[in-house]
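Worksheet: the structure to be examined is printed underneath.
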Amino acid sequence: MTQQKGYPADRLNAIAQHLEPPATRDEALEKSEWKDILQEINRRKNKNRTADPNDHGYIRQKTQGKLWVRERIDAFIDANSFKEIGVIAGIAKYNPDGSVKGYTPANFIAGKATVNDRPLIVAADDFAIRAGHADGSVWGKSIMAEQSARTLKIPLVRLIDGSSGGGSVTLMLDKGYTYLPPLIGMHDIIASLSEVPVASAALGPAVGLGAARATLTHFSVVAENVGSLFAAGPPVVANATYETVTKTSLGGALLHTTNGTFDNLAKDEYDCFAQIRQFLSYMPNNTFEMPPCVECTDPIDRRDDALLDIIPRRRQRMYQVRDILTRVVDQGSWFEIGARWGDGAVCGLARINGCPVGIITFDCTLNGSVLTTASCQKFRRHIDLCDTFGLPIIDFADYAGFAVGTKAEREATIRYGSTLTAALYQCDVPYFTVVLRKVFGVAGAAFVDNRVPNMRVAYPSGDWGSLPLEGGIHAAYRRELEAAGDKRNELYDSLLAKFEAVRSPIRTAETFDIPDIIDPRDTRPLLAEWVKLVYDNVLPHRVDKIKVHGPRIMYRP
């Protein structure tokens, strides 16, 4: 055969042999009456675990710049920790005398492993065999992987490349009939979301059922260089909608990380694995356990002087909210989720004094801290994640309200805003608010007034009310301003000056509507004390209730 460019035979053979066990003579096996069966099992195991450099599917995988499925598993998990389920599963064809005529390994690999010494189930597509279609013998292994994660109460990680066992029209010819399309195992896939952490990586095209499996998760990531996702591929789209598209233009990584289909973008497969490992490090093994705390070397009483001046005195000037987050949480612990979508909503995970917390806030440089449909959806998903796995939520509040105007009404912003409000009020994990700047209207109230009592403090830059003062003056004094004619601006400035006197957050603190206005440098010590209190006194009782009554909510991705 013609050798593929860039992959000489010696390199392909070297890769192919990376999992082949050394040849040793087993004297006990040679004497066993079960020798023939055990040898056949070992032969199939070795075949399944060893790449064939002459196989068309394997060559295609490599020339597309993708890792082979077992290379992926090796790169993701702790070394030598993989215990495979269904090692010899596949499709065999037999001669009349019972001898094997041909054998094709299953195109789905699953098993138990450890990552950072914690157990999990890993399930991976082998696109090199039938592009992951159901006629590659995957259904039973896929279902068992999902069920095993639920039964053992450990995380599940899906490495998606293809249809993940979705259908193929060729099955009709093989079976001699067609069928009502089933979703075998979907009950377990959905139920897992309320019980164990589920993460996925798109390491090739995620199509049909593969697309569903990639997104029915708590965290999803896509490799920019090889990943994509679509309900149906370009050939089906061309027939259905008469559009001529490529995999990239139809469902490329850059597209689907700006609309929330995938949470995060990764530069390559190895970056996908690193992000999933980091995500899982904040998660408990299941909803019946506490989030895992680690040793903290970052002093909890650390006070960063830069926090004093990050937020400008002039309200029209912007600031970088992530500069506040990274100075408050444990150094190196900030992990953002969904940075490329959400119209300014900022969500992520971090640690304070070594313990995981969920973070929500807003990037005021985008949309003026106004919540759109997309930002409401993003916040709701993150709140549900934290509530499912018992992570305390810290809200760094800067919300100017829900978006207004014709575009906002067409996008049903209030409907999604109401759903977000319900999520804030229904979740029962500990919740603490640090008001950075704006808190206005129903949207602002939902973020800072959803607990009894409300645990909240403010920076000196706090600015709040039923609606922003500047717009409120135009609404309240519309007639006077219209009648002012040429002196309209002069009247507006005088009205604004009167309101400025009562706008000070100190006046709000005088009435105890905000318990405290803090020196921004005290944020970390204050939050560290609160996190310790809730981990010591609140979360253990919450977990006890879940053990008795089961998970509180059905997680909706």
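The values are calculated or read from the model by the stated rules, or taken from the named source; none is laboratory data. Values in this document were obtained by computation on a predicted structure and should not be read as measured data. Here Cβ is always computed from backbone atoms with ideal geometry, including for glycine, and neighbour counts include all displayed protein chains. Keep in mind that these areas ignore ligands, DNA and RNA; they rest on the heavy atoms of the full protein, side chains included. Shrake-Rupley method; radii C 1.70, N 1.55, O 1.52, S 1.80 Å.
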Check on Val429, assigned to a loop (DSSP other than H, G, I, E, B) and at pLDDT below 95:
no
Return yes or no: is Gly444 in a helix (DSSP H, G or I) and at pLDDT below 80?
no
I'd like the residue in region 384-441 that is touching a residue at least 60 places away in the same chain (Cβ under 8 Å) and more than 22 Å from Trp334 (Cβ to Cβ) and, out of all such residues, is surrounded by the most Cβ atoms within 10 Å (Cβ to Cβ).
Lys438
Scan region 327-362 for residues that are over 14 Å from Ile300 (Cα atoms), in contact with a helix residue (DSSP H, G or I) (Cβ under 7 Å, 6 or more places away or on another chain), open to solvent by 10 Å² or more (accessible area, probe 1.4 Å) and not β-branched (Val, Ile, Thr) and jot them down.
Trp334, Phe335, Trp341, Asp343
Answer with yes or no whether Ala211 is in contact (Cβ under 8 Å) with a residue 12 or more places away in the chain, in a helix (DSSP H, G or I) and either in contact with a strand residue (DSSP E or B) (Cβ under 6 Å, 6 or more places away or on another chain) or not small (Gly, Ala, Ser) (or both).
yes
What are the pairs, 6+ residues apart or on separate chains, where a residue within region 510-530 that is closer than 15 Å to Leu308 by Cα has its Cβ under 8 Å from a residue that is crowded, with 17+ Cβ neighbours inside 10 Å and hydroxyl-bearing (Ser, Thr, Tyr)?
Ile517/Tyr459; Ile518/Tyr459; Pro520/Tyr459
Would you be able to say whether some residue in region 362-369 is farther than 17 Å from Gly338 by Cα, in a helix (DSSP H, G or I) and free of Cβ contacts under 8 Å to residues at least 40 places away in the same chain?
yes
In region 90-110, anything over 44 Å from the mean Cα position of the chain (by Cα) and either on the phi > 0 side of the Ramachandran plot or not in a strand (DSSP E or B) (or both) is listed as Asn95, Pro96, Asp97, Gly98, Ser99
Residue count, region 253-274, condition of a type in the set (Ser, Thr, Tyr) and in contact with a Phe, Trp or Tyr (Cβ under 6 Å, 6 or more places away or on another chain), comes to 1
Please work out if Val221 is at pLDDT 95 or above, in contact with a helix residue (DSSP H, G or I) (Cβ under 9 Å, 6 or more places away or on another chain) and either within 23 Å of Tyr555 (Cα to Cα) or open to solvent by 50 Å² or more (accessible area, probe 1.4 Å) (or both).
yes
So, Gly166, is that one modelled with pLDDT of 90 or more and open to solvent by less than 20 Å² (accessible area, probe 1.4 Å) or not?
no
From the options Ala123, Ala51, Ala110, Ala79, residue that is without any contact (Cβ under 8 Å) to a residue 40 or more places away in the chain, hydrophobic (A, V, I, L, M, F, W, C) and open to solvent by 30 Å² or more (accessible area, probe 1.4 Å):
Ala79
Per the filter on region 370-383, residues more than 15 Å from the chain's Cα centre (by Cα) and either under 24 Å from Met290 (Cα atoms) or free of Cβ contacts under 8 Å to residues at least 60 places away in the same chain (or both) are Val370, Thr372, Thr373, Ser375, Cys376
